[in-house]
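Just below is one structure, and these are the notes that go with it.
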Amino acid sequence: MIKKHLSICCLLLLSVSVFAQNGTAGKYFEISKNLEIFANAYREINHGYVDELDPGKLMRSGLDAMLEGLDPYTNYISETDIEGYRIQTDGKYNGLGASGKRMGDWVVITEILEHSPAQKAGLKVGDAIVSIQGQSAQGKTDAQVLEFLRGFPGTSADIVVRRPGENKEMKIKLMREEVEVPNVPHSGIVADGIGYINLTTFTQDAGEHVARGLEGLKAKNPNLKGVILDLRDNGGGLLNEAVNVVNVFVPTGEMIVSTKGKVPEWDRTFRTTGASVDQNIRVVVLIDKKSASASEIVSGALQDLDRAVLMGQRSFGKGLVQNTKDLGYNAKVKLTTAKYYIPSGRCIQAVRYKNGQPVDIPDSERARFKTRNGRPVLDGGGVTPDVLLPVDTATGIVKALLDQNVIFDYVTQWSAKHTTIDSIEVFSFNDWDEFTRFVQNRNFSYETETERKLKELQAAAEKENLSVSTDVQAIDNKVKTAKKDELNRNKARIVREIEQEIVGRYYFQRGKVRKSLKNDPEVEEAVKLLNDAARYDKILSGR
């Protein structure tokens, strides 16, 4: 059967080359020739290789290798990947509304969506999944376990979980539903007269949800003078929703983005089509290195139109447009078809990659454009904020506590002993001594960057027969002495992480977002700017 289908495919492709016009005949011949070679190789490998092969996996490997030579965003979406694709575009999927992470031999539930089937069935964050439908989950990856749990709405899944603090395993019956992932988990007031809207992804109706958020803030606060639009960690999504989000702040008819590619007939220009919610309110947009694609259209367009001040760090740098093409059998290829250009005419696409990630491009190598008010802006390599802020990321011991799941495991233990907590804004964590004992009992250890460099230095010295052991050991001893009190020196940041994790157990994603705003240095800087009208206007005027 495989032989027959491949032969037909090859004959059809060869016929294309026969009837092609002279100007493109050579190109079509090369395409059909190489497809025939690929088909023959695929057939022979499946037929004659010494071990049994999975044809689907073999084809997947071939397609992935072929697309790897292009940009990082062109990829193959198999039938088993379709649910993940739906989450990215629709913000919906069929399943349980829970996510997990492999910890040791088991996949442990790390997040549950509010009102989801997982919550309704009594599943809790920290539960280790022991079996699904009678099959052991030991040693499975998180992707494998979550794939088993997904399915059609109305179907059920019987799972067994091991809950920390319980003496026996628990049987849970989960009823699958269509789960919707909220794209605006929180909007509210963060300071007197200052609103905040958190947009996590550009799935369907993102623009409408941002508009509702702003309308709600204005209704409850008639004297609202400014709003923060938080696009940090937002990897993008639907292009039309990016236009709709910009439309919340700008009038009808504004050109927001245009796309240009190889096929001129596919080029498009996107303009705002609806009425804005507010064209005058002061706006600060927060971005970081994980703000990509649609996030960069919104932030870049608002910057080009001098409609908002951008704060944070330079964005990711994804200025490419992808479309999906059906390949049959419920599989698709996501294909880069164009680059997008924002109002100033610039494209923010990074042009260099290393291991699938954009490489920082010096400003001296980026072309200059101008905003509506004449402010200089640069293309390539992402959107640069008007106000650059230092990166607030977990490092050192804080990162190690997060990466090794120490904070997660402690909060699981803590939550088992506390059935309720105070409201999100009121709650504070006061069990520091208990946490430090927990860390000590875990025999927690980690290696600093300095310790790693010292090992590299020692190894290099030994290769070159240099005697530096005494000097290296002396420095290493100083580092170890400094590490002893590092837990207490980072107490404030660690407590923030613990509080956010605890609140998430009781108030879900919206609780995590609201709690994260407490002592958020970037939000504090945005509030200061929105309260300083003269400075805000000066930035946008370019004076």
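Annotations
- Prolate/oblate/rounded label for the chain (Cα gyration tensor, a/c 1.5): rounded
- Along the axis of the charge dipole computed for region 396-519 (Cβ charges of +1 for Lys and Arg, -1 for Asp and Glu, origin at the Cα centre), the listed residues V406, V472, A459 are led at the positive end by V406.
- Given charges at Cβ of Lys, Arg, Asp, Glu: the chain dipole, positive-most of G207, L517, S415: G207
- Put simply, the amide H of V383, placed in the peptide plane, has neighbours under 5 Å in S315, F316, G317, leaving out anything fewer than 5 places away on its chain.
- Taking every DSSP bridge with both residues inside the chain, close to 75 percent are antiparallel.
- Cα-centre dipole for the chain with unit charges at Cβ (Lys and Arg positive, Asp and Glu negative), debye to 20: 580 debye
- Interchain or long-range residues, amide H under 5 Å from S131's placed H: A137, V160
- Antiparallel content of DSSP bridges confined to region 131-231, in %, to 5: 75 percent
- Ordering P182, T450, Q279 by the projection of their Cα atoms onto the charge dipole of the chain, which places +1 on the Cβ of Lys and Arg and -1 on the Cβ of Asp and Glu, puts Q279 at the extreme positive end.
- Region 169-288: C-alpha gyration tensor shape, a/c 1.5 cut-off, then a/b vs b/c: oblate
- In terms of other Cβ atoms within 10 Å, E486, E111, E30 run from fewest to most in the order E30, E486, E111.
- Under 12 Å, Cβ to Cβ, from G396 - net charge with Lys/Arg +1 and Asp/Glu -1: -1
- Amide H within-cut-off set for V321, under 5 Å, with H built and near neighbours excluded: T337, A338, K339, Y340
- When each of the peptides 314-321, 376-383 is scored by how many other beta carbons lie within 10 Å of its residues on average, the order from highest to lowest is 314-321, 376-383.
- Set of lysines near K538 by C-alpha distance (under 22 Å), chain-local residues within fewer than 8 positions excluded: K225, K370, K528
- Here region 186-391 is assigned +1 on the Cβ of each Lys and Arg and -1 on the Cβ of each Asp and Glu. Its dipole about the Cα centre then comes out at about 440 debye.
- Charge context of V426, other residues only, Cβ under 12 angstrom, K/R +1, D/E -1: 0
- Ranked by how many other beta carbons lie within 10 Å on average, peptides 388-398, 195-205 from highest: 195-205, 388-398
- Taken about its Cα centre, region 396-519 carries a charge dipole of about 420 debye when Lys and Arg each add +1 at the Cβ and Asp and Glu each add -1 at the Cβ.
- Separation of the alpha carbons by more than 20 angstrom is noted, of K101/K399; K289/K518; K417/K518; K262/K289, for K289/K518; K417/K518; K262/K289.
- Protection proxy ranking of 294-300, 97-103, by the mean of other Cβ atoms within 10 Å over each peptide's residues and highest first, is 294-300, 97-103.
- Prolate/oblate/rounded call for region 298-339, Cα gyration tensor, a/c under 1.5 rounded: prolate
- Shown in residue order for region 308-322 are the 3J(HN,Hα) couplings computed by the Karplus curve 6.51 cos²θ - 1.76 cosθ + 1.60 at θ = phi - 60°: 8, 9, 9, 10, x, 10, 4, 6, 5, x, 10, x, 10, 9, 10 Hz (x for Gly and Pro).
- When both region 212-247 and region 414-454 are represented by their alpha-carbon centers, they are found 34 Å apart.
Bear in mind that the values in this text are calculations on the coordinates, not laboratory data. Nothing here was measured: the structure is a model prediction, and the numbers come from that model. Backbone-built Cβ (ideal geometry, glycine too); neighbour counts: all protein chains shown.
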